[in-house]
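Colleague: First the structure, then my questions, so here it is.
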Amino acid sequence: LVHMMIIPTAPALCSSRYSLAILSCYGFFVAYALRVNLSVAMVDMLNSSSSNNVNSSVCLRHNNPPRPRHNHTASVYDWDSETQGWILGSFFYGYIITQIPGGYMARKYGAKWLLGFGILGTVIFTLLTPVAADLGAGYLIAVRVLEGIGEGVTFPAMHAMWASWAPPMERSRLLTISYAGAQLGTVVALPLSGQICFYLDWTYVFYIFGAVGILWFILWSLLVSNSPTSHRRISEVERTYITASLKNELSPTTDHIPWTSILTSVPLWAIVVAHFSYNWTFYTLLTLLPTYMNDILGFSIKQNGMLSALPYLGCWLLSMGGGQLADYLRETCLFSTVAVRKAFSIIGMMGPAVFLVAAGYTDCNYTLAVIFLTISSSLGGFSASGFNINHLDIAPSYAGILLGITNSFATIPGMVGPVIARSLTKSNTIVEWRTVFFISAGINLFGAAFYTLFGKGTVQPWAVQSLHIQ
């Protein structure tokens, strides 16, 4: 640690590492915009005469002023609610497949092209979405599964890339800028997709975001390198700074992977439990918040895209601010890495749990319910500087593989959480929804406690051992 302190730092402004952070932020913006745009477009894809089930809500319904309809020429479909559910959920079935292979391939073949082609594949299938929908629901489900397969490599590949690019004392800052694109994509795509559907038609949602994705791929191909040593435009000062700061953290061999040590590592399982727990609440809200707003509070979130984006805007702001604060505490205040990771995980998991339960007791106070749900999602942004990047602290050489493992487990809540929540809310009462919120909060608290007990902040011995020791 002492020798790290005397390495001369390279300026952040116009640096290659911060350029990588901004470009990868743009990449995750594209990935998440392509992930959530279908849920908005779906409203216009359905035959309104067969899906016009304007049901009564528990609370008094908020009536929005009617908006004139434009003449749309796009096709509409007669899909029942079960088919809609399969279409919206199919993404995750592809997404879970490529998590661990993504981490392995990024380590073996380099992260740049794996990440680039992963998102490009998603872009191409997004552009094919209108054609697939015309062919039938089965084709659309297949296209969404293929999109998920493409996006599955993104987080493990990016973690593997940051293992070579992020100086230890700048990890929180660089990674939160990078991954904040996910929230930003959600914030922009939700309201913008609604506007595109209204002024053009639903097919343009996929064409416009697809074009934005192609532009990203061109920039990524031209401007990014796998490591500082292979980068053509990096300054010598920055190259030396990054490689010197990582010298004692990276494994001397790239071929050997200590699978036994990885799978029996308690600090890794602490991240797995935290990641799974956090995502249970995150995915439950992501998929069911519009339903809760509509069926309980009597406000159709489809009519107010900005309101649906508000929780993710808060999450984005706090994850960015949290990244700056986390590195300040480590670098300037000399707090240990593990203390910072645990503190931010506790705030980012217990905070959302408390406000989620509180939202269940607001009854029909619509304003208070929206405020509590927004605070709940926003506080989750702190976990971006907690367990979410801890893989790089405990095993930077294998960070992509570790993230692949934790993200595989963390995808399961996206597949089962909303299904369980819907089965518990058959009558759509406030009491039933309270049960859903309590379950999510309980899982979050358990995850925070487990991570606090077993999380670590230093490189594990097995992560720097050479081939002959394992």
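The values are calculated or read from the model by the stated rules, or taken from the named source; none is laboratory data. None of the values given here were measured: they were computed from a predicted structure. Cβ placement follows ideal geometry from the backbone for every residue including glycine, while neighbour counts extend to all protein chains displayed. Accessible surface areas use protein heavy atoms only, side chains included; no ligands, DNA or RNA. Shrake-Rupley method; radii C 1.70, N 1.55, O 1.52, S 1.80 Å.
Colleague: Of (1) modelled with pLDDT of 95 or more; (2) open to solvent by 30 Å² or more (accessible area, probe 1.4 Å); (3) touching a helix residue (DSSP H, G or I) at 6+ places or on another chain (Cβ under 7 Å); (4) of a type outside the set (Lys, Arg), Thr264 satisfies all except one. Which?
Modeller: For Thr264, the exception is condition (3).
Colleague: Among the listed residues Ala339, Ala326, which satisfies the condition of being surrounded by fewer than 17 Cβ atoms within 10 Å (Cβ to Cβ) and in a helix (DSSP H, G or I)?
Modeller: Matching residue, one of Ala339, Ala326: Ala339.
Colleague: For Val354, state whether it is surrounded by 18 or more Cβ atoms within 10 Å (Cβ to Cβ), assigned to a helix (DSSP H, G or I) and among the β-branched types (Val, Ile, Thr). Spell out the reasoning first.
Modeller: Values: surrounded by 18 or more Cβ atoms within 10 Å (Cβ to Cβ): no; assigned to a helix (DSSP H, G or I): yes; among the β-branched types (Val, Ile, Thr): yes.
No; evaluated as a whole, the condition is false for this residue.
Colleague: Can you name every residue in the stretch 276-296 that is within 30 Å of Pro461 (Cα to Cα) and either open to solvent by less than 10 Å² (accessible area, probe 1.4 Å) or in contact with a Lys or Arg (Cβ under 8 Å, 6 or more places away or on another chain) (or both)?
Modeller: Filtering the stretch 276-296 for residues within 30 Å of Pro461 (Cα to Cα) gives 276-279.
Answer for the stretch 276-296, where residues must be within 30 Å of Pro461 (Cα to Cα) and either open to solvent by less than 10 Å² (accessible area, probe 1.4 Å) or in contact with a Lys or Arg (Cβ under 8 Å, 6 or more places away or on another chain) (or both): just Ser277.
Colleague: Which ones in the stretch 218-260 are at pLDDT 90 or above, surrounded by fewer than 17 Cβ atoms within 10 Å (Cβ to Cβ) and in contact with a Leu (Cβ under 7 Å, 6 or more places away or on another chain)?
Modeller: Within the stretch 218-260, Leu219, Leu223 meet the criteria.
Colleague: List every residue pair whose Cβ atoms sit under 9 Å apart, with the two residues 6 or more apart in sequence or on different chains, where the first one lies in the stretch 102-130 and is on the phi > 0 side of the Ramachandran plot and the second, anywhere, is surrounded by fewer than 24 Cβ atoms within 10 Å (Cβ to Cβ) and not in a helix (DSSP H, G or I).
Modeller: Gly110/Asn226; Gly110/Ser227
Colleague: Let me ask something else. Yes or no: the stretch 49-58 includes at least one residue that is at negative phi, among the polar types (S, T, N, Q) and modelled with pLDDT of 85 or more.
Modeller: no
Colleague: Then there's this: Going through the stretch 440-470 one residue at a time, which ones are modelled with pLDDT under 95, open to solvent by 60 Å² or more (accessible area, probe 1.4 Å) and aliphatic (A, V, I, L, M)?
Modeller: Leu467, Ile469
Colleague: If you scan the stretch 75-97, which residues turn out to be assigned to a loop (DSSP other than H, G, I, E, B) and under 17 Å from the mean Cα position of the chain (by Cα)?
Modeller: Answer for the stretch 75-97, where residues must be assigned to a loop (DSSP other than H, G, I, E, B) and under 17 Å from the mean Cα position of the chain (by Cα): Ile96, Ile97.
Colleague: Name every residue in the stretch 98-143 that is β-branched (Val, Ile, Thr) and part of a helix (DSSP H, G or I), in order of residue number.
Modeller: Scanning the stretch 98-143 gives Ile100, Ile119, Thr122, Val123, Ile124, Thr126, Thr129, Val131, Ile141, Val143.
Colleague: Continuing with this model, one more query. Just to be sure, is Ser345 at pLDDT 95 or above and open to solvent by less than 10 Å² (accessible area, probe 1.4 Å)?
Modeller: On the way: at pLDDT 95 or above: yes; open to solvent by less than 10 Å² (accessible area, probe 1.4 Å): yes.
Yes: the conditions hold for Ser345.
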